[in-house]
Amino acid sequence: MTEVILALDVGTRDAAVSIAEKTGPYLDAIKIGYPLVLAAGLTIADELSAGGLPLIADFKVADIPNTSRLIAEEVFSHGFSGIICHGFVGRDSVLACVDTAHDHGGECYVVTEMSHPGAVDFFHGGIAERIAALVCETGADGIIAPATRPERTQMLRTLIGTRKILSPGVGAQGGDPSAIAGIVDGIIVGRAIYESADPAGAAQQYAQFRSLRGTNP
Ligand code: C5P
C-alpha cells in the first residue's frame, strides 16, 4: 500500500486538531513542521500523536551533529515516530539524526531532492545521487523525493533499493498522484487536503492511490 501522509501546515492548534480528526480515517501518517509548531508549540505533537496515527517531524534538520542530535532528542520526546533531515550537511550530521531516531525506535528520512522548481539549482548535477548513497551508508530509513519529477524519483529508487521513499509535491505543487504512487512508499499531500472545502473528501480521493504501490517499481 502506498501510504497517504498529510502535510498539516496549518497555522492554529484548533485547525490542526479539527483537520486531523476529519481526515484521519483516510490517512496513514501526519507530517508537521515549522508552520504549525512555531504557531502552536511542540506540544501540538503530543496532542496529534494521541490520535493514533504516526507523526513525522519535518524540520529538515541541517546542523552540526550535536545540534542535530539535540533537535532529534526533543522531537522523539514528543511522540513523533519519524524525523526528516537534510543530507547535504554530510555523513556525521545525518548519522546524528539516524542514530537518535533508532535509539528511540523511530525512523529518519533524508531529503535527497526537494519538490519546488528552485530545487534543481543545487540538487541536480550529482548531489541527489551522492545523498542517496549517504542514505545507504548511514542506515537511514528512507528518502524524501519529489512527486513533481517522477523520473528523478524513479532514478533515486534504483539507488536506494527497498528503503522507503516519501514523496511531497502532490496536488498544490502540480505532482500527479497516479504518476508517482507506483514508485514510492508514501505520497505527502498538504494544501490539496487541508485547504479543500471538504478535507475528508479530498483525503479519501488520495486514499484511492494506495493500491498503486509497486506498480512502477
Ligand atoms: O501543500 P503541499 O502539498 O505543497 O505541501 C508539501 C509539504 O511537503 C510541505 O510541508 C513541504 O514543506 C514539504 N516538502 C516539500 N518538498 C520537499 C520536502 C518537503 O514540499 N522536498
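The values are calculated or read from the model by the stated rules, or taken from the named source; none is laboratory data. Please read all numbers here as calculations on a predicted model, not as lab measurements. So basically every Cβ, Gly included, is an ideal-geometry build from the backbone, and we count neighbours across all protein chains shown. The protein model used for the area step is the full one, side chains on, heavy atoms only, and it has no ligands, DNA or RNA in it. Shrake-Rupley method; radii C 1.70, N 1.55, O 1.52, S 1.80 Å.
A compact table of results
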| item | result |
| --- | --- |
| Per-selection Kirkwood Rh - the stretch 3-208 (Cα, Å, 1 d.p.) | 16.8 |
| Net length gained if the chain between THR215 and ASN66 were fully extended (0.36 nm per residue, minus Cα distance) | 49.6 nm |
| 222 nm mean residue ellipticity, helices alone, for the chain (DSSP H n ≥ 4; -39,500 (n - 2.57); rounded to 500) | -12000 deg cm²/dmol |
| At 0.890 mPa s and 25 °C, Stokes diffusion of the stretch 56-177 via Kirkwood alpha-carbon radius, µm² per second | 173 |
| Heavy-atom accessible surface of the chain: percent carbon and sulfur, 1.4 Å | 53 |
| Net lengthening on full extension, HIS124/LEU38 (0.36 nm per residue, minus Cα-Cα) | 27.9 nm |
| Net charge of Cβ neighbours under 12 Å - reference ALA57; Lys, Arg +1; Asp, Glu -1 | -2 |
| Distance (nanometres) between label positions extended 7 Å along Cα→Cβ at ALA197 and THR158 | 4.5 |
| Spatial separation of Cα centroids for the stretch 52-97 and the stretch 163-217, in angstrom | 24 |
